1. List the residues whose amide H sits under 5 Å from the amide H of R9, counting only those 5 or more places along or on another chain, with H placed 1.01 Å from N in the peptide plane.
2. Could you tell me the relative contact order of the range 98-223? Use alpha-carbon pairs under 8 Å, at least six residues apart, and round to a whole percent.
3. Let me have the 222 nm mean residue ellipticity of the chain computed from DSSP H runs of 4+ only, each contributing -39500 (n - 2.57), with the sum over all residues rounded to the nearest 500.
4. What trypsin sites (Lys or Arg not before Pro) does the range 80-133 have in DSSP loop regions with at most 13 other beta carbons within 10 Å?
5. Which whole-Hz couplings ³J(HN,Hα) result when phi for each residue of the range 89-94 is put into the Karplus expression 6.51 cos²θ - 1.76 cosθ + 1.60, θ = phi - 60°, listed in order with x for Gly and Pro?
6. May I ask you to give the solvent-accessible area per residue for the chain, in square angstrom, as obtained with a 1.4 angstrom probe?
7. Regarding the chain, what is the average projected area of its C-alpha convex hull, in nm²?
8. Each residue of the range 109-121 in turn: what ³J(HN,Hα) in whole Hz from Karplus with 6.51, -1.76, 1.60 and θ = phi - 60°, glycine and Pro shown as x?
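The values are calculated or read from the model by the stated rules, or taken from the named source; none is laboratory data. Model, not experiment: these values are computed from the prediction. Neighbour counts run over all protein chains shown; Cβ positions are idealised from the backbone, glycine included. Note: areas computed on protein heavy atoms with side chains; ligands, DNA, RNA excluded. Shrake-Rupley method; radii C 1.70, N 1.55, O 1.52, S 1.80 Å.
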Amino acid sequence: MLANETAERTALVTGASRGIGAGIVRHLLDRGLRVAGTYRSGLENVKKLAAAYPKHVLPVRLDLARRETALSAIEEVRQQWGRLDSLVLNAAVWNGGKLAKIDPDAWWSVIETNLRSAAAIVRAAIPMLVEGESPSIVLVGSVVGDVGFAGDTAYASTKAAAVGFARSLAKELAPKGVRVNVLAPGFVDTDMTAAVPDASRHKIAAATLLGRFGTVDEIARAAVFLSEDATFCTGTVLVADGGWTL
Ligand SMILES: NC(=O)c1ccc[n+]([C@@H]2O[C@H](COP(=O)([O-])OP(=O)(O)OC[C@H]3O[C@@H](n4cnc5c(N)ncnc54)[C@H](OP(=O)(O)O)[C@@H]3O)[C@@H](O)[C@H]2O)c1
């Protein structure tokens with residue numbers, strides 16, 4: 001039996017209350033995994049998933065800005081299920097503004113929130129992951145970490161850092177059998193992009209080879225591929241951007 005067909009295979013997905021994270025949770029559940037889904041303000045949404053998949057969804061509180069919640073989230077999984085095979089670091093904050101104008105504290109807060117929490121969650125999860133079956137870490141990055149975007153110096157810095165972080169971690173954890181990969185989406189229809197003005201939206205879609213934004217399901221499937229199927233991939237970046245960066 002493949003690892004991903006066992007009833008106990010367990011994942012933790014951050015930012016599970018909506019958008020791409022909620023999509024990843026649904027696809028992992030469809031693959032038969034148990035999933036701890038983190039929320040900050042969206043407990044009700046994760047509870048709805050838990051109601052649809054009783055005993056397979058564990059809502060866990062996580063605030064990226066509060067490092068202690070990273071430790072308690074992992075501890076909750078350990079106490080409830082005692083096992084973790086797949087970690088998907090999806091939650092992130094976006095706070096745009098050109099560097100000359102953005103408040104320096106707001107700029108730094110994006111860096112701290114997105115980056116420090118990732119390190120804290122992974123560090124806390126390592127002891128369970130190394131005991132897991134076909135263990136995997138997926139970091140949800142972004143193509144803007146590679147090609148940049150005006151107004152995104154802070155956010156794009158964290159997404160570029162995710163790649164260096166993942167590749168170094170891949171080297172550290174390969175001897176323990178843990179794969180570490182990055183999924184780099186392009187523009188996807190979620191709350192995060194809801195504020196993009198129509199004119200910019202049309203320009204971005206026109207500059208994308210496939211002529212449109214991606215859907216949550218398309219990105220979730222790519223994340224599940226890295227987590228569950230890509231057993232010979234580590235330290236890699238999977239771009240899912242409809243050809244926007246070509
Ligand atoms: N949408 C895009 O076009 C796009 C493109 C490239 C990469 N990405 C990346 O994909 C990932 C998901 O994006 P999305 O578009 O699905 O975002 P979204 O719709 O804005 O959802 C964000 C999720 O992250 C959680 N979250 C936000 N701030 C948090 C904090 N301080 N602490 C803990 N959780 C927090 C939210 O939880 P609550 O609802 O509970 O507050 C929510 O579940 C992010 O890493 C993003 O950078 C998105």
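1. R34
2. 25 percent
3. The helix-only estimate for the chain comes to -12500 deg cm²/dmol at 222 nm.
4. Passing sites in the range 80-133 are K98, K101.
5. Ordered by residue, 3J(HN,Hα) equals 8, 10, 5, 7, 9, 10 Hz.
6. It amounts to 48 Å² per residue over the chain.
7. Projected area, direction-averaged: 12.8 nm².
8. 5, 5, 4, 4, 5, 6, 8, 4, 5, 4, 5, 5, 5
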